[in-house]
Amino acid sequence: MYLTLPAEVDATTSDDSTTTTSVYVYPLEGDVDDCIGLLPKPGCGYEPTQAGDRGGALQFAVFGLIIVGVVVVFSVVFRNVIRRDKERAKRVE
């Protein structure tokens, strides 16, 4: 089942009877009501074909880089807090 939405309408100014309409087609499998909405059900849509598609390899790579970045930031903060606490303990002695 395909859901079609008009993407753009071009009308010529010299002749009102000639109009060109291009339509974008969403390739959906299953019931359209289940696939369109705030939280679409699993299995709607199509498999990623390019790296930048939703659920593609590029999206997973960016997610991995974000996780690595968060781990690096927290490890640096944790290491500096431990270093600061050791310096304070040496000053107290």
Positions within region 29-43 being modelled with pLDDT of 75 or more and either surrounded by 13 or more Cβ atoms within 10 Å (Cβ to Cβ) or not in a loop (DSSP other than H, G, I, E, B) (or both), in sequence order: none
For Tyr46: the one exception among (1) in contact (Cβ under 8 Å) with a residue 12 or more places away in the chain; (2) part of a helix (DSSP H, G or I): (2)
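The values are calculated or read from the model by the stated rules, or taken from the named source; none is laboratory data. None of the values given here were measured: they were computed from a predicted structure. Counting neighbours? That spans all protein chains shown, and the Cβs are built from the backbone with ideal geometry, glycine included.
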